[in-house]
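Read through the structure below, which is laid out as structure tokens, and then see the notes.
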Amino acid sequence: MTRHGLHRITRFRSGPRRKAIAIGVVGGSVVAGIVATMMPLLASDDLSIRAAADTTATAVTQDGDNAAKTTLATCPTRCDGNPRGGREAVIEFAVTTVPAAAVNVRATLRVHAWQQFAATVTAHASPLSAREARPGLAAAGDALDSVTGVSKGFNEWDVSKLVTGNGTWTVSLAQTGLESRIYWASVENRSPDLRPSLLISYDLGSRPSPVTTTRPAPPPAPSASPTSASPKPSPTVAPSRTATPSASGTLPSGQCGSVSAKLVPSCGAWWGMYSPAGSAGGWDHGKAVADVEAQVGRKFDIVHRYHDFSNAGSNGAFPDAYEQQQMREGRLMFFAWESRNFSAGTTLKWSDVYNGKQDETIDAVAGRIRAAKVPVFMGFDHEPEDEPNKGSDADFVRAWRYVHERFARAGATNAVWVWTMMGWSGHYSRYAGLYPGDQYVDWVAYDPYNFHVCNGSTVWKSPSTTVSGFYRWLDDNGIGAGKPRMLAEFGTNFDAADPGAKQRWFQEFPAALKAHPKIKAAIYFNSAGMTSRTSTCDMTMNHDAAAVAGFAKAGQDPYLRQPTGGSR
């Protein structure tokens with residue numbers, strides 16, 4: 001989650017928010033991609049399976065019959081002063097309802113804690129029986145996932161490496177970092193909602209033969225470049241395989257490899273990047289993206305850029321020449337449009353937008369978006385909950401709807417609208433009042449981060465924990481129900497005490513997405529301006545070779561290599 005206040009204030013501290021985007025080759029009738037084996041369609045419903053049995057493994061005599069208690073316990077070997085007081089929670093699930101045709105099974109373990117603790121708890125494949133009264137501790141099986149920092153409420157672990165379909169699966173939770181017991185709700189808890197559960201999702205269907213179509217003609221280049229610099233062309237990409245988009249506005253139906261009219265891939269997720277340009281590089285936004293692509297060995301599906309209301313230059317007259325080039329090269333563009341003037345350092349009020357004072361700018365941008373002739377992601381004032389000077393939550397909703405309606409009147413129906421929130425739990429009470437309504441929103445997005453020490457904390461969040469909080473809140477509260485979700489920004493710090501932690505975090509990220517299948521796009525925010533760069537804080541993806549290697553490996557995961565868009 002974004003740290004309150006830090007996320008926006010530091011980002012604009014060193015200058016305007018300059019970001020790079022790429023526009024897609026998916027139109028209303030055709031999408032460009034590469035020839036690839038098609039994968040099955042994502043199942044629309046998750047399975048929620050209650051634990052069949054659980055117990056606490058321990059050598060402590062007074063623990064008694066742990067298989068009949070309303071709580072489970074975890075503790076390191078030295079526990080509450082006892083040098084032999086270790087405890088592990090052991091949980092068994094009987095999975096019987098996964099269809100025989102299911103593939104790409106994704107499983108998330110959810111266990112409830114009553115308090116927050118500065119401890120790391122790791123889920124392992126367990127050799128123990130969850131039905132024994134008091135099993136002894138045994139050597140742990142394969143580590144599956146860790147929660148670094150136990151949250152009050154449900155904590156989640158990605159256990160997809162273990163749970164591959166129907167069968168009996170047993171998981172143990174082992175604790176480090178806090179020499180005191182943590183209690184968890186067991187299957188005997190009187191509240192069924194608090195009992196351990198396993199969330200399972202999967203893809204269904206056969207693997208049909210690929211279909212080849214041709215790439216649509218690229219959009220025309222603007223008659224005059226909005227910037228003085230020329231983009232550097234990339235190597236020509238051969239025509240690639242695509243499937244016809246569905247007319248659906250939300251999750252598409254049909255075979256994998258298809259993309260809906262609202263840019264939703266039928267399987268897997270888009271992989272995206274924000275990479276800032278700078279004065280040292282001549283503000284070359286094209287090179288900023290190409291350089292990162294060269295590091296990680298692939299093109300990005302989505303490129304993210306931030307623009308202002310100046311309606312001039314590369315900041316405000318978008319799509320600019322760099323973005324036009326990126327569109328022609330087959331990337332999807334995400335334009336995050338901020339009611340600011342970056343160069344002047346001024347901020348508009350939302351009432352300035354809906355009272356008509358910005359109509360000329362809105363109509364000019366809508367005209368350029370319409371002229372792009374391909375769908376583009378469009379956002380208005382991301383993270384409005386952190387913009388108290390712009391107006392009230394109701395003012396934001398009114399401004400959003402006003403901009404949306406002017407785009408519609410201008411015929412810019414190729415704009416795909418992305419509502420982006422911080423996703424911070426401190427603002428949960430406000431999100432219903434910030435939501436413009438289903439008819440005005442195509443995607444729901446948020447910006448989760450594993451800040452670690454960058455925000456003064458010592459908590460290290462796994463990828464699954466990083467993305468799960470607001471994801472579950474959206475499920476529980478029905479905001480944007482049925483809409484695809486996007487990580488409009490995400491990122492992680494490194495761990496000075498564990499040089500390989502950031503690399504592993506990236507390598508584990510695809511599994512976290514698979515465990516949260518409503519997330520259909522993830523965009524890394526690769527800027528040191530996110531926080532202050534120090535000896536213990538650097539949120540950039542490429543701050544060292546190990547991090548780059550981990551990120552590159554994540555980008556090669558089949559789940560993130562769409563047979564459309566930039567996945568080359």
Quiz item: Does SER429 qualify as being over 25 Å from ALA261 (Cα atoms), assigned by TED's automatic domain parsing to the domain that holds PHE335 and free of Cβ contacts under 8 Å to residues at least 24 places away in the same chain?
Solution: yes
Quiz item: In the list SER279, SER260, which residue meets the criterion of being farther than 20 Å from PHE490 by Cα, free of Cβ contacts under 8 Å to residues at least 40 places away in the same chain, among the polar types (S, T, N, Q) and surrounded by fewer than 24 Cβ atoms within 10 Å (Cβ to Cβ)?
Solution: SER279
Practice problem: Residues being assigned to a strand (DSSP E or B), of a type outside the set (A, V, I, L, M) and in contact with a Lys or Arg (Cβ under 7 Å, 6 or more places away or on another chain): count how many of those fall in region 433-455. | Solution: 2
Practice problem: From (1) under 17 Å from VAL403 (Cβ atoms); (2) touching a Ser or Thr at 6+ places or on another chain (Cβ under 8 Å), pick out the condition that doesn't hold for SER343. | Solution: (1)
Quiz item: Wholly within region 67-185, which strands (runs of 3 or more DSSP E) include no fewer than the required count, namely at least 1 residues that are surrounded by 15 or more Cβ atoms within 10 Å (Cβ to Cβ) and of a type in the set (Lys, Arg)?
Solution: 87-95, 103-113
Quiz item: Looking at region 495-527, which of its residues are within 29 Å of ILE200 (Cβ to Cβ), out of contact with any Pro (no Cβ under 6 Å at 6 or more places or on another chain) and either among the small types (Gly, Ala, Ser) or not in a helix (DSSP H, G or I) (or both)?
Solution: ALA501, ALA511, ALA515, HIS516, PRO517, LYS518, ILE519, ALA521, ALA522, ILE523, TYR524
Exercise. Filter region 528-537 for residues that are outside any strand (DSSP E or B), touching a residue at least 24 places away in the same chain (Cβ under 8 Å) and surrounded by fewer than 22 Cβ atoms within 10 Å (Cβ to Cβ) and give the result.
Key: GLY529, SER532, SER535, THR536
Quiz item: Take the residues of region 417-440 that are of a type in the set (A, V, I, L, M, F, W, C) and touching a His at 6+ places or on another chain (Cβ under 7 Å): which is nearest to PRO384 (Cα to Cα)?
Solution: MET422
Self-check item: Filter result for the condition that a residue is within 11 Å of the chain's Cα centre (by Cα) and assigned by TED's automatic domain parsing to the domain that holds MET273, over ASP447, ASP475
Solution: ASP447
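Looking only at region 269-286, filter to residues that are under 21 Å from the mean Cα position of the chain (by Cα) and assigned to a loop (DSSP other than H, G, I, E, B); which one of those is nearest to LEU332 (Cα to Cα)? Break it down stepwise before answering.
Narrowing region 269-286 to residues under 21 Å from the mean Cα position of the chain (by Cα): 269-276.
From the residues that got through so far, the ones that are assigned to a loop (DSSP other than H, G, I, E, B) too are 269, 275-276.
Values: ALA269: 13, SER275: 15, PRO276: 17 Å.
So the residue we want is ALA269.
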Self-check item: Those residues of region 464-512 which are touching a residue at least 60 places away in the same chain (Cβ under 8 Å), buried (at least 18 other Cβ atoms within 10 Å of the Cβ) and more than 17 Å from VAL147 (Cβ to Cβ), in sequence order
Solution: GLY480, LYS483, PRO484, MET486, ALA488, GLU489
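Quick one: in region 287-307, which of the residues that are out of contact with any strand residue (DSSP E or B) (no Cβ under 7 Å at 6 or more places or on another chain) and part of a helix (DSSP H, G or I) is surrounded by the most Cβ atoms within 10 Å (Cβ to Cβ)? It would help to see each step written out before you state the result.
Applying the first criterion (out of contact with any strand residue (DSSP E or B) (no Cβ under 7 Å at 6 or more places or on another chain)) to region 287-307 yields 287-288, 290-291, 293-299.
Going one step further and asking which of them are part of a helix (DSSP H, G or I), we end up with 287-288, 290-291, 293-296.
Numbers: LYS287: 19, ALA288: 23, ALA290: 21, ASP291: 14, GLU293: 19, ALA294: 10, GLN295: 16, VAL296: 21.
Looking at the filtered set, the residue picked out is ALA288.
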Quiz item: If you take the residues of region 186-199 that are touching a residue at least 12 places away in the same chain (Cβ under 8 Å) and outside any loop (DSSP other than H, G, I, E, B), which of them is nearest to the chain's Cα centre (by Cα)?
Solution: LEU199
Exercise. Of the numbered conditions (1) closer than 24 Å to CYS267 by Cα; (2) in contact with a helix residue (DSSP H, G or I) (Cβ under 8 Å, 6 or more places away or on another chain), TRP460 fails exactly one; give the number of that condition.
Key: (1)
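The values are calculated or read from the model by the stated rules, or taken from the named source; none is laboratory data. Computed from a predicted model, the values in this text were never measured in an experiment. Glycine gets a Cβ as well: all are built from the backbone with ideal geometry, and neighbour counts include every protein chain shown.
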